[in-house]
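Structure first, then comments.
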Amino acid sequence: SDTENLDKLFISEKFDYIVHLAAQAGVRYSIENPKIYIESNILGTFNLLENIRKYKPEHFILASSSSVYGKNKTLPFSENQPVNQPVSLYAATKISDEALTHSYSELYDIKTTVLRFFTVYGPWGRPDMAYFSFTDAILNDKPIKVFNHGNLARDFTYIEDIIEGIKLVMYNYQKMTENYNLFNIGNGNKVTLINFIHILEEIIGKKAIKQYIEMQEGDISETLSDISKLNNYFGYNPQTNLKQGLEKFFQWYKDYFSLCS
């Protein structure tokens, strides 16, 4: 959002590739503070695109979100489904980013790839996400909020699988004939919230204190990615199941916070 320093950065660094991961994330906070989502996600992406227009890197990758699928009920979510019914402001800003990016790609001949991330988790993750906040609550004997009474499901994607997917796309973009390309990037499996909690309890070795509550406003009940397109183009094949990923996260968590095993 800092246009002056962003311009200086593009002039000094002469980037070959841009991977745009920066965003104000989270559904709940977008209801509490919508303005910052407009400033960070839409205006920030616009400022970045203006510099890409001027300095023409080889390839631009935009991180989007599974949240854009909104009211779609057909699972798995595929890239050819419409995304015109978002249920959160966060999702609306990501749809806007996709549209802005498409227009710049068409107008200024920019090689662009949009990746729709599905529930990324792992070490160094956001403390407000369920796996992180649940771990903290379980260890400290605090209740966890189980939304929609546990009747939720997510396609959890481990961070290292996401990184491998980004690298495949970034360095092999010549395989794509179109200037603008769109892919889901997920694990390709959905896990219910209750099963997710059970796996986390098993790894931590302690039961959660569960507080069952209604669905949170702006949330989606289920997500599941169709990753066949990314696989067909680049051989994307995620390697980490949820238990393996949560085990790696918990080991990091213990090391980071200097907890006893």
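The values are calculated or read from the model by the stated rules, or taken from the named source; none is laboratory data. Since we're looking at a predicted model, the values are computed, not measured. Cβ: placed from backbone, ideal geometry, glycine included. Neighbour counts: every protein chain shown. The protein model used for the area step is the full one, side chains on, heavy atoms only, and it has no ligands, DNA or RNA in it. Shrake-Rupley method; radii C 1.70, N 1.55, O 1.52, S 1.80 Å.
Suppose the filter is among the charged types (D, E, K, R), open to solvent by 50 Å² or more (accessible area, probe 1.4 Å) and out of contact with any Lys or Arg (no Cβ under 7 Å at 6 or more places or on another chain); does Lys190 pass it?
no
Tally up the residues in the range 96-106 that are within 18 Å of the chain's Cα centre (by Cα), of a type in the set (S, T, N, Q) and open to solvent by less than 30 Å² (accessible area, probe 1.4 Å), please.
Final tally of qualifying residues: 1.
Considering only residues that are without any contact (Cβ under 8 Å) to a residue 40 or more places away in the chain, part of a helix (DSSP H, G or I) and small (Gly, Ala, Ser), which ones fall in the range 3-39?
Correct list: Ser12 only.
Quick test of your reading of the structure: Lys56 fulfils all but one of (1) in contact (Cβ under 8 Å) with a residue 24 or more places away in the chain; (2) on the phi < 0 side of the Ramachandran plot; (3) open to solvent by 40 Å² or more (accessible area, probe 1.4 Å); (4) not small (Gly, Ala, Ser). Name the failing condition by number.
Here Lys56 meets the rest and fails (2).
Checking the conditions here, which among Leu43, Leu62 is open to solvent by less than 40 Å² (accessible area, probe 1.4 Å) and outside any loop (DSSP other than H, G, I, E, B)?
Exactly one residue qualifies, and that residue is Leu62.
If Val87 satisfies all but one of (1) farther than 26 Å from Thr119 by Cβ; (2) of a type in the set (A, V, I, L, M, F, W, C); (3) open to solvent by 30 Å² or more (accessible area, probe 1.4 Å), what's the number of the condition it fails?
With respect to (1) farther than 26 Å from Thr119 by Cβ; (2) of a type in the set (A, V, I, L, M, F, W, C); (3) open to solvent by 30 Å² or more (accessible area, probe 1.4 Å), Val87 is out only on (1).
With the checklist (1) among the hydroxyl-bearing types (Ser, Thr, Tyr); (2) in a helix (DSSP H, G or I); (3) loosely packed, with under 15 Cβ neighbours inside 10 Å in hand, flag the one item Thr74 doesn't pass.
(2)
Exactly one of these conditions fails for Thr93: (1) surrounded by 15 or more Cβ atoms within 10 Å (Cβ to Cβ); (2) among the polar types (S, T, N, Q); (3) without any contact (Cβ under 8 Å) to a residue 60 or more places away in the chain. Give me its number.
Going through (1) surrounded by 15 or more Cβ atoms within 10 Å (Cβ to Cβ); (2) among the polar types (S, T, N, Q); (3) without any contact (Cβ under 8 Å) to a residue 60 or more places away in the chain one by one, Thr93 breaks only (3).
From Tyr29, Tyr69, Tyr37, which residue is modelled with pLDDT under 95, out of contact with any Pro (no Cβ under 8 Å at 6 or more places or on another chain), aromatic (Phe, Trp, Tyr) and within 25 Å of Ser221 (Cα to Cα)?
Tyr29
Just name the residue that is surrounded by the most Cβ atoms within 10 Å (Cβ to Cβ) out of those in the range 244-255 that are touching a residue at least 40 places away in the same chain (Cβ under 8 Å) and more than 12 Å from Ile199 (Cα to Cα).
Per the stated criteria, the residue is Phe249.
I'd like to know if the range 224-243 contains one or more residues that are closer than 23 Å to Lys142 by Cβ, of a type in the set (D, E, K, R) and surrounded by fewer than 20 Cβ atoms within 10 Å (Cβ to Cβ).
Scanning the range 224-243 turns up no residue that is closer than 23 Å to Lys142 by Cβ, of a type in the set (D, E, K, R) and surrounded by fewer than 20 Cβ atoms within 10 Å (Cβ to Cβ).
Of the residues in the range 120-169, how many are within 17 Å of Leu224 (Cβ to Cβ), assigned to a strand (DSSP E or B) and open to solvent by 10 Å² or more (accessible area, probe 1.4 Å)?
Counting residues in the range 120-169 that are within 17 Å of Leu224 (Cβ to Cβ), assigned to a strand (DSSP E or B) and open to solvent by 10 Å² or more (accessible area, probe 1.4 Å) gives 2.
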